[in-house]
Every structure is written in C-alpha cells, then in structure tokens.
1. Counting other Cβ atoms within 10 Å, which trypsin sites (Lys or Arg not before Pro) in segment A:10-67 have at most 15 and lie in a DSSP loop?
2. Which loop-located trypsin sites (Lys or Arg not before Pro) does segment B:6-72 contain, where loop means any DSSP state but H, G, I, E or B and the Cβ has at most 15 other Cβ atoms within 10 Å?
3. What is the order of B:Asp56, A:Asp10, fewest Cβ neighbours within 10 Å to most?
4. With θ taken as phi - 60° and the coefficients 6.51, -1.76 and 1.60, list the Karplus ³J(HN,Hα) couplings across segment A:29-43 in order, rounded to whole Hz; mark glycine and proline as x.
5. Return the long-range amide H neighbours of B:Gly107 (sequence gap of 5 or more, or a different chain), with a cut-off of under 5 Å between placed amide H atoms.
6. What is the set of long-range amide H partners of B:Met41 at a cut-off below 5 Å, with H atoms built 1.01 Å from backbone N?
7. Quick one: A:Ile100, A:Ile44, fewest Cβ neighbours within 10 Å first, how do they rank?
8. Determine the shape class of segment A:38-107: with a ≥ b ≥ c the square roots of the Cα gyration tensor eigenvalues, call it rounded for a/c under 1.5, and otherwise prolate if a/b is greater than b/c, oblate otherwise.
Amino acid sequence: GIQVEQSPPDLILQEGANSTLRCNFSDSVNNLQWFHQNPWGQLINLFYIPSGTKQNGRLSATTVATERYSLLYISSSQTTDSGVYFCAVERVGGATNKLIFGTGTLLAVQP
Amino acid sequence: NAGVTQTPKFQVLKTGQSMTLQCAQDMNHEYMSWYRQDPGMGLRLIHYSVGAGITDQGEVPNGYNVSRSTTEDFPLRLLSAAPSQTSVYFCASSRWTGNYGYTFGSGTRLTVV
C-alpha cells in the first residue's frame, strides 16, 4: 500500500517562531488532507489540498503532486498550535474513501 | 449543527464482551469511516462506507463489524472484545464531491481488560 512519511517526528518552538512540516508519499494521490489533533484529542481538518497552495490565516499548505510531497507552514506560532499534525492521502486508483494517515508530527509551542 | 457525534466517550469492557460504538452525522455526508488510533501508529482505517447499504474493509478490519442502514448512522460492533482492541476510536464523514475534507467525531476511548 501507499506509504506516508512525515517529518520531523517532533518539534519544539518558541512562541512567535515559524515552522515547516513535511509529508512525503510513495504513490500518486487524488486526495491529501492535513489535520491538527489538539491536546484534548480532537481532530480538526486544516486543509484539503491534493495539489497547489492554500492559505488560512497563519497556516498555509503546498502540495507538489508530481514530486509526491506536501508542506504545512505555520507562521508566528502560538501555544494553541501545540498538538499533533497529521497528513493523510488517498491513492489514485485506490478504493474510494481509503484515506491513509502518516504517523504525525508532534509540535510543542512554548510561551 | 452537531457534525459527527460519537457515543460513548469512554468504555471499559471485559475480554469476550461485545459492544457497539455509535456514530451519527447530520451533514448528509455520503462517506463515513471508522479509524483506531494507537500510540506511535497514527490512525488506521477499520471499515468505511460510501453510502447507505454499502460498506468495505479498511486496513485493520478483523474483530469488527459495520452496517450502514441509513445515511446518518454508521455503528461499529466489536464482536468479542480483546485487549488488543484497547484504543481510541474515531468516526469520520465527508461529502462525495468538491472539497471533501473529513469531519471527525470526538472519539471513544475503549479499554478492554
């Protein structure tokens, strides 16, 4: 099956710093999503981004489908950004609705 | 607008017991899925459904059953609970077309002793 690798596995930032999280995938995809799991366990959809670039406030994401990677940018980080960030993909030609998750990046933002 | 509602939030079972985790969504989403989350392993797909009456297996289906009799509900049944099924279970739903970002429920933390 498709492999989804995220880096770095964990990251510690001071409040106000910027960061880039990376997601590499091993096959062509037609669906890529980024999620944030907060310290209380709630999973929030950040972006649906199978290709191109999107921005939402301090967060932005870019997917280069031809090179099989996606990047999530967090600018001016805040303590509320802490948690785990997951990338999830659906393979082209795979069964519909099989969204496969990476193992995540654990982010801790310190005040 | 409740989104995706999972019940119960916490459950302790004895080995061999059966139970049903409930999931309901009020967004008229065609797709629904069940995932389990274990430490260091991310989320793994158990079963999914593309519409009422249609279900299929994910990555880790053994020990679980699902059915989808209505668009709104997608229950997950544990047939005979085992300690290996101790996990946090998440239900998700999404639309068929357009920007089909997933919406997740708040999870069920299950412990099998």
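1. Sites meeting the loop and neighbour criteria: A:Arg58.
2. B:Lys9, B:Lys14
3. With the fewest neighbours first, B:Asp56, A:Asp10 line up as A:Asp10, B:Asp56.
4. My calculation for segment A:29-43 gives 10, 10, 7, 9, 9, 10, 10, 10, 9, 6, x, 8, x, 6, 9 Hz in order.
5. Under 5 Å from the amide H of B:Gly107 lie the amide H atoms of B:Gln6, B:Cys91, each far enough along the sequence or on another chain.
6. Hits under the 5 Å cutoff: none.
7. With the fewest neighbours first, A:Ile100, A:Ile44 line up as A:Ile44, A:Ile100.
8. It comes out oblate by the Cα gyration axes.
Each value in this text was obtained by applying a stated rule to the coordinates, not by laboratory testing. Quick caveat, the model's predicted, so the values are computed rather than measured. Using ideal geometry, Cβ is built from the backbone for each residue, glycine included, and neighbour counts are taken over all protein chains shown.
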